[in-house]
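Novice: Dropping a structure here in structure tokens format, bear with me for questions.
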Protein chains: 4
Amino acid sequence: MTMSGFASSLTEITRLADEVRTQVHERDASGEYPVDIVERMRRLGVFGACAGDLRAYALAMEEIGRAWLSLVPIVNAHSSSVWVVKHHATDEQRARWLGPFLRGEELACLGLTEPGGGSDLANLGSTARRDGDGWVLDLHKTLITHADHADHMLVLARIADSTAVGSRALSLFLIDRDQWHVTRKLPKLGTVSVETCEVRAEQVRVGGDRLIGGVEGRGFPQVMDALEVGRIAVAAAAVGVARSALWRAIERVREREAFGAPLADNAIVRQRVAGMTTRIAAAKGLVQLSADRKNTGGRCDVETAAAKTVATDAALHAALTAMELGGGMGYTEEFDFARHLRDAALFLAGEGANSLLESLIGARMVAAEPDLAWV
Amino acid sequence: MTMSGFASSLTEITRLADEVRTQVHERDASGEYPVDIVERMRRLGVFGACAGDLRAYALAMEEIGRAWLSLVPIVNAHSSSVWVVKHHATDEQRARWLGPFLRGEELACLGLTEPGGGSDLANLGSTARRDGDGWVLDLHKTLITHADHADHMLVLARIADSTAVGSRALSLFLIDRDQWHVTRKLPKLGTVSVETCEVRAEQVRVGGDRLIGGVEGRGFPQVMDALEVGRIAVAAAAVGVARSALWRAIERVREREAFGAPLADNAIVRQRVAGMTTRIAAAKGLVQLSADRKNTGGRCDVETAAAKTVATDAALHAALTAMELGGGMGYTEEFDFARHLRDAALFLAGEGANSLLESLIGARMVAAEPDLAWV
Amino acid sequence: MTMSGFASSLTEITRLADEVRTQVHERDASGEYPVDIVERMRRLGVFGACAGDLRAYALAMEEIGRAWLSLVPIVNAHSSSVWVVKHHATDEQRARWLGPFLRGEELACLGLTEPGGGSDLANLGSTARRDGDGWVLDLHKTLITHADHADHMLVLARIADSTAVGSRALSLFLIDRDQWHVTRKLPKLGTVSVETCEVRAEQVRVGGDRLIGGVEGRGFPQVMDALEVGRIAVAAAAVGVARSALWRAIERVREREAFGAPLADNAIVRQRVAGMTTRIAAAKGLVQLSADRKNTGGRCDVETAAAKTVATDAALHAALTAMELGGGMGYTEEFDFARHLRDAALFLAGEGANSLLESLIGARMVAAEPDLAWV
Amino acid sequence: MTMSGFASSLTEITRLADEVRTQVHERDASGEYPVDIVERMRRLGVFGACAGDLRAYALAMEEIGRAWLSLVPIVNAHSSSVWVVKHHATDEQRARWLGPFLRGEELACLGLTEPGGGSDLANLGSTARRDGDGWVLDLHKTLITHADHADHMLVLARIADSTAVGSRALSLFLIDRDQWHVTRKLPKLGTVSVETCEVRAEQVRVGGDRLIGGVEGRGFPQVMDALEVGRIAVAAAAVGVARSALWRAIERVREREAFGAPLADNAIVRQRVAGMTTRIAAAKGLVQLSADRKNTGGRCDVETAAAKTVATDAALHAALTAMELGGGMGYTEEFDFARHLRDAALFLAGEGANSLLESLIGARMVAAEPDLAWV
């Protein structure tokens, strides 16, 4: 599919989102994995979208987040592999994987976090030991999204016996679904229709062609690059959740009456709506700005980190405000307000805790390097 | 029990709270009603505490909220009846009800909200029709907390055929558990161990001695007065939830390591902790200030509304920040962070939506009446 | 000058801004009108820039605001006239005025507000009475920026004896500098190098060709359209002020030492810097988004109002945070922190009070019209 | 004067505050030192008030801050000396100084900050060299409030040739007005009627009885203790400024008309007023809570730091919101809004920068010591 093909499919993605929104309340309550919607996203080119214009990709993720946040990690985890294969793989790897990944024929998830590890990737304990022309992997990962339904996993591991230290001893490997087992599914507050897992792979042998880029020790910058795109996706999805909450709240205040008039006529209700709107609009503007900058290549950590924190805050603000406007019934699971709040909380710590991202932004800004003169 | 007896039991309430906190994770997951804790609160004098110093009552509610927010509506609903009976009932009613209510031997809940009604009490549709020396009630209420386990319900109803208009035609009646039936229990986001119900009472006859105060049309000011105490309780409980979230977060950042040191050593983590602390402290200060003013009697709508909005905001801020500090695992139901967020959301709309309370505060302030010169 | 000419001059505007920043501390202290800089802005095409791509115009205003906020109202007031003449004037008017206005050879200011009036334009009292083929104007305006140095003023007046009511009786007229007198210059908190005036014009006769568009009663929508562009300019300038404050703060924390290290090494200082950065980035993203939408024509009141409120908040936040980071000396007038705060406060009420804009946004959103489905 | 005498004079202080508020606009514009008001505060017992109930002291400082913030540093600087003499001086020192200090017959200021130093007191460079039975001081201090009008200064200096390191080598000395000279008065953004100075004392000899407490190396904890009281005073004064801004805003929105009604009838205006009110009330509650805890003695750094940050934020929020409600004219110096903003900015960095205080609070909380279990 060409990118102009994708551009045209944005309208169709919006249509899909609108349709999903009519079913999401019941489907989310069931907690079942959305096989059919994944198939439709595949046909619409969603899984390869991050290889094109990132502004369009962000708009697509926004629509998907607006529809149902459980769908977002499925796409986002896969997009990381698309990005890494496109930008950091060897020619052979690209020839083998990029096509099916772009078309979504094979879906990958991303194995970074380890028990006790959190955002501190540089100190992880999973290992890869060279063994002839291949590698033997020992992996223990947790908080891995989509790890049961995905066909592949891109895993970060430490090269055993490497002379390099810290993050310079890390590499990315692409492994297959039969090479890891899911030891536990974590019971989450929200995004309940996509699994988040603890996984293990013990003494698993992979060929040398599974080391991304073919050279040891490049895993950390490869991941950092992909995570910038991940933050754009997450930020866009957060805008989508916020928009969903906003419009559900508007529906509700147009219907509910108090003191003889629709709540929508109340000036403070309107001010609440305005508050949600301005934050959403700002987050959306920043997501587009950061996608635009990442389009031009190079390091965009400040831009994407800023987008992620702003959009996450907007999503939580919208979820809380919508619940307030939902009234007493808004606290029940009979409306979407509870789901919005449960879902929006996902990215407080996910995809880089906001406190870590603020730390990153602050450190880069006080260094006063010229690439940030746009701020 | 004397008030000094209650003062001494604050230490015991704190001890109970600390004990409940060791069990709350499992008990809340079960969703079962806490019969044993209700009994222990009864023995500690919690159910009559609002009849004494409201600052001590607030501290007690804070501890109970810190322990388990599901306990709070049980006490709060009952306290409304204590307050109304103490301050607005006839001598005969006081003689009959105040003792068992203070001792918590008989527990009451509060029936105000109606389907479609929300915070707009003045337009409710439940009716009381005079019938000889008694009344026939037709009630349809919703969002009634503790309506299955309570022994009595204090209900607000419109006097049928009254010449008075709006809120001046409302009266409070005290009815018994066998006089209403629970038609539905609402599935809530949080506070899952206490029931919230839709209830009906059809053509129920009560004696004339069940009209609070013995005079028609006084229900609305009676409720408004009790709701001020309710807001103090809710605000105090919100401080308690926030404190619970704060200390769980502190525990977790002392345990978790990242980048070779406990998270508690990270300056931005500490700043987050400081942010929670200052908001909690401010909310606590305001709750005490508003309780102190309500102690002296008279209208304290601005004070208690301010306390409720500030404390609710602090609770939600604390719940969200704690979840962020909890890291990826903080989003699961394996820690208390999810429960804190689900519980803290209760009071966004409950006990007066914050937008309504802001409206009330603003209207009172621009009127520039002298009783608010303390601000 | 062509628009591509303007695009290329953005680099030169940035250079001018950097140069002005080296002088601004002393020049602002003098309070003198910046004749030389106005001339240089004229040569760089700044005064006609709003007729081209509004995103480029916004970036130019951002740079000018970053340099010295006193310069912004000079350009912004004029741009309103450019916009109105370009989009709402008769062909003859456009032929006469557009060229010199685009080139900045003749500068106009904007006369809307009246004593007691504020943002409520629909009820203004200045009048225009038909007199043969011309008009006799009676004007009393206040808070008119640049009213002493401008060559012309675009004034809003009520058609005397009109059968139309409210805002439908308003028209815009273009008058000349010798037709009004400045009765008072208002002592402002900030932006002290551009005058803000009370003005009067009594029984001033103008020709029929001075009625913008040639038809009575169109003044209000003409102004509303121009104010959307004004809000983009103001929002962009607010981003500029915020950026100026941010970088001054970064300079200072790199220089100041405390506890044996530069303040820039302190994690909470960095977090403050990150907080400024993310708000600025979000405001900038939203300004660009709103400019992009206004580029396509049509009503953009929500977009531009959102941009104005977000950017103003970001500017005040940045000014306050920078002053905090400036330390005790940051409170003196020896650094730029005080000026940033005094200047940033300008737009709290100017160009539409934020409370009014929130009201507008809320009203539009709850109406749920399709043009706002992008939110 | 007894404390009950002071308690009764709170009413008189309120009366004085109300009177000062009728003159403050003109007096502040003149920038003249308020000799007469200082005399009246002396007679009302303000200068000794911190030796009594700190809640009453806080209420007094709140009233004085409400009247005119320039008055506050005069009292606050002196109160530090009262506190230090009362709690940390030798019996002889207390006998000599406490009486005249309590009565305000002799006023002291506080000399801590040094050029380049800011809040980092432990590394200061002013020295005290033992010389027979006395000391020779070399001092260079800046940002010293009231340093021209005060009779004495309590200065922090490093003991020359001390074997102690860091803050353990610091001592407090009390010196007289003829022993230092003012080298510069700093031009401040606000609080313009009290001087803030750079001062020097070169080779000044003082007697051994001027070393507070008579033992070397105790200056730092003495200062830390006094600064807790200083933060209570500053926080209380910030509440006062916020209240002043709130009520000026209420006056203005009651007078101004827009859209055919007083602005006070507008729901969003009321919501703004409510926002100011709740923050002020919370800050006031926390100030009282922290004063109450400091009354009982011991370390109250978290409590007072929290009060200071919350109250400062409330003051700046109130000042900005009031200016917004003031409309376009609110930006001029013709109303009090500009002064409120200029004054409220004082404490952003003063009396401990908020970022430093957050750091302190965070560090103490994560240590999880039992004295903070009240949070």
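Novice: Label 7 Å along Cα→Cβ of D:Val35; the stretch D:114-154 residues with amide nitrogen under 13 Å?
Specialist: The answer is D:149.
Novice: Output the relative contact order of the stretch A:297-375, whole-number percent, from Cα pairs under 8 angstrom with separation of 6+ residues.
Specialist: 34
Novice: Okay, moving on. Sorted from fewest to most neighbouring beta carbons within 10 Å, what does the list A:Glu32, B:Glu351 look like?
Specialist: Exposure proxy ranking, most exposed first: A:Glu32, B:Glu351.
Novice: Divide the volume of the convex hull of the Cα atoms of the stretch C:35-137 by its number of residues and quote the answer in cubic angstrom per residue.
Specialist: So the per-residue Cα hull volume is 143 Å³.
Novice: Under the rule of at least 5 residues apart or a separate chain, name every residue whose amide H is placed under 5 Å from the amide H of C:Arg205.
Specialist: For C:Arg205, the qualifying residues are C:Leu137.
Novice: Using the Karplus curve 6.51 cos²θ - 1.76 cosθ + 1.60 with θ = phi - 60°, what ³J(HN,Hα) values do you get for each residue of the stretch D:267-277, in whole Hz, with x for Gly and Pro?
Specialist: Working through the residues one at a time gives 5, 6, 4, 5, 5, 4, 4, 4, x, 4, 4 Hz.
Novice: Let me ask something additional. In a GNM of chain B with a 10 Å cut-off on Cα contacts, which of B:Leu44, B:Leu186, B:Leu69 has the highest mean-square fluctuation?
Specialist: Comparing B:Leu44, B:Leu186, B:Leu69 in the GNM, the peak value goes to B:Leu186.
Novice: Quick one: A:Ser30, C:Ser126, fewest Cβ neighbours within 10 Å first, how do they rank?
Specialist: Exposure proxy ranking, most exposed first: A:Ser30, C:Ser126.
Novice: Turning to a different aspect of this structure: Taking the Cα atoms of the stretch B:109-218 alone, what are Rg (to one decimal) and Dmax (as a whole number) in Å?
Specialist: Answer for the stretch B:109-218, Rg first and Dmax second: 13.6, 45 Å.
Novice: So what is the 222 nm mean residue ellipticity for chain D from helices alone, if each DSSP H run of at least 4 adds -39500 (n - 2.57) and you divide by all residues, rounding to the nearest 500 deg cm²/dmol?
Specialist: Roughly -17500 deg cm²/dmol at 222 nm, from the helical runs in chain D.
Novice: Hey, another quick one. Please arrange C:Met224, A:Met153 by how many other C-beta atoms lie within 10 Å of their C-beta, fewest to most.
Specialist: Ascending number of Cβ neighbours within 10 Å: C:Met224, A:Met153.
Novice: Taking all pairs of different Cα atoms in the stretch C:92-148, averaging 1/r and flipping that mean, what Kirkwood radius in angstroms comes out?
Specialist: This gives a value of 13.6 Å.
Novice: Hey, with R₀ at 56 Å, roughly what FRET efficiency would C:Arg130 and B:Arg129 work out to, going by the Cβ-Cβ distance, to 0.05?
Specialist: 0.25
Novice: Please state the relative contact order of chain C as a whole percent: Cα pairs under 8 Å, 6+ residues apart?
Specialist: Across chain C, relative contact order equals 17 percent.
Novice: How far is C:Ala373 from the same spot in each other copy, in nm, shortest first, if each label point sits 7 Å from Cα toward Cβ?
Specialist: From this label point to the equivalent ones elsewhere in the assembly: 4.3, 5.8, 6.0 nm.
Novice: For B:Cys197, which sequence-distant residues (separation of 5 or more, or a different chain) have an amide H within less than 5 Å of its own amide H, given hydrogens modelled in the peptide plane?
Specialist: So B:Cys197 has HN proximity to B:Leu143, B:Ile144, B:Thr145, B:His146, B:Ala147, B:Leu186.
Novice: What is the Cα centroid distance between the stretch B:163-224 and the stretch C:40-104, reported in whole angstrom?
Specialist: Cα centroid of the stretch B:163-224 versus Cα centroid of the stretch C:40-104: 65 Å apart.
Novice: Next question, about the same structure. Based on Cα positions only, what radius of gyration and what Dmax would you give for the protein assembly as shown, in angstroms?
Specialist: Expressed in Å, the Cα Rg and Dmax of the protein assembly as shown come to 33.4, 101.
Novice: Once Rh for the stretch A:238-357 is found with the Kirkwood sum over Cα pairs, what is the Stokes-Einstein diffusion coefficient at 4 °C and 1.567 mPa s, in µm²/s?
Specialist: Calculated translational D: 86 µm²/s.
Novice: To one decimal in nm, how far is C:Glu32 from the same spot in the other copies, if labels go 7 Å from Cα toward Cβ? Please give the shortest first.
Specialist: Taking the point 7 Å beyond Cα along Cα→Cβ, the inter-copy spacings are 3.2, 7.9, 8.5 nm.
Novice: Here is a further query. For the stretch D:165-229, how big is the tail of P(r) above 17 Å, as a whole percent of Cα pairs?
Specialist: 60
Novice: Per residue of the stretch A:175-181, in order, report the coupling 6.51 cos²θ - 1.76 cosθ + 1.60 (Karplus, θ = phi - 60°) as ³J(HN,Hα) in whole Hz, putting x for Gly and Pro.
Specialist: 10, 9, 4, 7, 9, 10, 10
Novice: Which whole-Hz ³J(HN,Hα) couplings does the stretch A:132-138 yield from phi under the Karplus relation 6.51 cos²θ - 1.76 cosθ + 1.60, θ = phi - 60°, glycine and proline marked x?
Specialist: Once rounded to whole Hz, the list reads x, 8, x, 9, 10, 9, 10.
Novice: Okay, moving on. Normalise the Cα radius of gyration of chain D by 2.2 N^0.38 Å (N = residues in it) and let me know the number.
Specialist: 1.00
Novice: Right, next: Mind listing the label-point distances from A:Gly134 to the same position on all other copies, shortest first, one decimal in nm, points 7 Å along Cα→Cβ?
Specialist: Ordered by increasing distance: 8.5, 9.0, 9.6 nm.
Every number here is computed from the coordinates shown, using simple stated rules; none is lab data. Computed from a prediction, not measured in an experiment: that's the story for all the values here. Counting neighbours? That spans all protein chains shown, and the Cβs are built from the backbone with ideal geometry, glycine included.
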